[in-house]
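Values quoted throughout were computed directly from the atomic coordinates according to the rules given, and no laboratory measurement underlies them. Remember, predicted model here, so these are calculated numbers, not experimental data. Cβ: placed from backbone, ideal geometry, glycine included. Neighbour counts: every protein chain shown.
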Amino acid sequence: MSEVKVLDKGEKFSHASVGPLHGFEGKQFLKDATEATSCEISFGTLPSGASVPFFHSHKENEENYIILTGKGKFQINDEVFDVAEGSVIRVATNCDRNIKCTSAEPMTYICIQAKEGSIGGYTMTDAEINERENLL
């Protein structure tokens, strides 16, 4: 299992890593390492033929899964559909979900969990373009 490493931290940011995704195994949650206050982010990997060992649902939080590698099947309540690298799946509250890897290679994914209906402004409705010296 990979370990989350806090790489850098400042007053207004946290920088953590699960390390290289190639060869990543298991499930790793990042909320505590990044001190996030708006969502939980996790990385997960399923080996070929494996699924999460349980169904689960959330009372207040929706989940967004982003498939990074591999392919498989996703089940929400009684609906099953194919997923593959590049798939993004939003799952609402109060419904069961599970995922299974059907590819020969492992399936690696990111799951972002946040309170359903909580987003206010987003993208450019919440952003400001600022003049600042570029130090990159």
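Summary: within the chain, the longest segment free of trypsin sites (Lys or Arg not before Pro) located in DSSP loops with at most 12 other C-beta atoms within 10 Å is 60-131. The GluC sites (Glu not before Pro) of segment 1-66 that meet both conditions, a loop assignment by DSSP and at most 11 other Cβ atoms within 10 Å of the site Cβ, are Glu3, Glu11. Provide the FRET efficiency to the nearest 0.05 for the Ser103-Glu133 pair, computing r from the beta carbons and using R0 = 30 Å. Calculated transfer efficiency: 0.05.
Working note: Cα atoms of the chain, range along each principal axis, descending, whole Å: 50, 34, 24. Of the residues Thr37, Thr45, Thr93, the one that moves most in a GNM of the chain with alpha-carbon contacts below 10 Å is Thr37.
Neighbours of Ile89, meaning other residues whose beta-carbon lies under 14 angstrom from its beta-carbon, give a summed charge of -1 when Lys and Arg score +1 and Asp and Glu score -1. The chymotrypsin sites (Phe, Trp or Tyr not before Pro) of segment 49-136 meeting both criteria, a DSSP state outside H, G, I, E and B (loop) and at most 11 other C-beta atoms within 10 angstrom of the site's C-beta, are Phe54, Tyr122. Applying a threshold of 32 Å to the alpha-carbon distances of Lys9/Lys71; Lys31/Lys73; Lys9/Lys73; Lys31/Lys100; Lys12/Lys115 flags Lys9/Lys71; Lys9/Lys73 as lying beyond it.
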